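The values are calculated or read from the model by the stated rules, or taken from the named source; none is laboratory data. In this text, all values refer to a predicted model and were calculated from it rather than measured experimentally. Note: accessible area is taken over every heavy atom of the protein model, side chains too, but ligands, DNA and RNA are not part of it. Shrake-Rupley method; radii C 1.70, N 1.55, O 1.52, S 1.80 Å.
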Amino acid sequence: MSRTLATALPVWFAVVAGLIVLVVLGAREVWLPSVPVIGAGALLLTFLVQVSLQSKDGLVRRMQVSVTGVVVILAVASLAMLLTASGA
C-alpha cells in the first residue's frame, strides 16, 4: 500500500464513522448542519496524520488525496441525507 493511501484511509474511515454516528444518533434536522463539522474534523485529522510522519516528501499530494476523498464522501452522504430527509 502506498504511503499516500495509507495516510488517507484512516481519515476516510473516520469520516464514514462520524457520518454513521450522526445518522444513527442525530435527529434529521441536524444532519446537514453537522456535515461541515465532520469535514472540519477530518481536515484537522489530516493535518495531524501528516505532521506525525517523519517524511515530508509528498506532503501536498497526500493531503490533496485525503481532502479530496473527504469532500467526495461528504458530498455523497449529503445527497443521501437530502433524499432521505425530503422523502420522510
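Structure values in brief
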quantity: Per residue accessible area in Å² of the chain, where ligands, DNA and RNA are left out and the probe is 1.4 Å; calculated: 63 Å²
quantity: Dimensions (Å) - the range 5-88, Cα atoms, principal axes, largest first; calculated: 49, 18, 17
quantity: Percent carbon-and-sulfur accessible area, the chain, ignoring ligands, DNA and RNA, probe 1.4 Å; calculated: 75 percent
